[in-house]
């Protein structure tokens, strides 16, 4: 890697220990004539960068002020991050009464099959498919069974391995 020689003034020393004062007067004058305009350009460029950084900081402050005013005037104008309560509420959806009624009537029709050892959502889903019935998703079946349990139509017997909830019909 070549060493870079940067001369700032007549007494400058580069990385290798070479001082500009060791040069002859005409060479020093020639170098100074070359370096002075570059140094002036550097000063000008630094001043411009500082001015642009100040303008950028000012624009950011103005943007923050505008965002605060908009949020105060209309809280829904720019939604922020969801709170934990909002995230939990997003998962709260209701199962239609039609699906719940279909499941409850299916369970009553097949009372003997499901009241012995009890039943769980995956088994119920598999049996409905085997019977040629349309079936909602696993999540919908689970929610419907929980809703039927909350209504008192079925009871939770136990929780099986892996978290499966095993229910029985309430007679």
* Which of (1) surrounded by fewer than 18 Cβ atoms within 10 Å (Cβ to Cβ); (2) out of contact with any strand residue (DSSP E or B) (no Cβ under 7 Å at 6 or more places or on another chain) is the odd one out, the single condition residue 160 does not satisfy? -> (2)
* To do: Tell me which of these residue 107 doesn't satisfy, since it passes every other one: (1) modelled with pLDDT of 85 or more; (2) farther than 15 Å from residue 146 by Cα; (3) in contact with a strand residue (DSSP E or B) (Cβ under 7 Å, 6 or more places away or on another chain).
  => (2)
* Here are some residues: 168, 143. Which one is modelled with pLDDT of 85 or more and in a strand (DSSP E or B)? -> 168
* Structure fact -> The lone condition residue 113 fails out of (1) modelled with pLDDT of 85 or more; (2) more than 40 Å from the chain's Cα centre (by Cα); (3) not in a loop (DSSP other than H, G, I, E, B) is (1)
* Could you look through segment 132-157, keep only residues that are without any contact (Cβ under 8 Å) to a residue 12 or more places away in the chain and surrounded by fewer than 11 Cβ atoms within 10 Å (Cβ to Cβ), and pick out the one that is farthest from the chain's Cα centre (by Cα)? => 132
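The values are calculated or read from the model by the stated rules, or taken from the named source; none is laboratory data. Just so you know, these numbers come straight off a predicted model, no measurement behind them. FYI the Cβ positions are ideal-geometry reconstructions off the backbone, even for glycines, and counts take in every protein chain you see.
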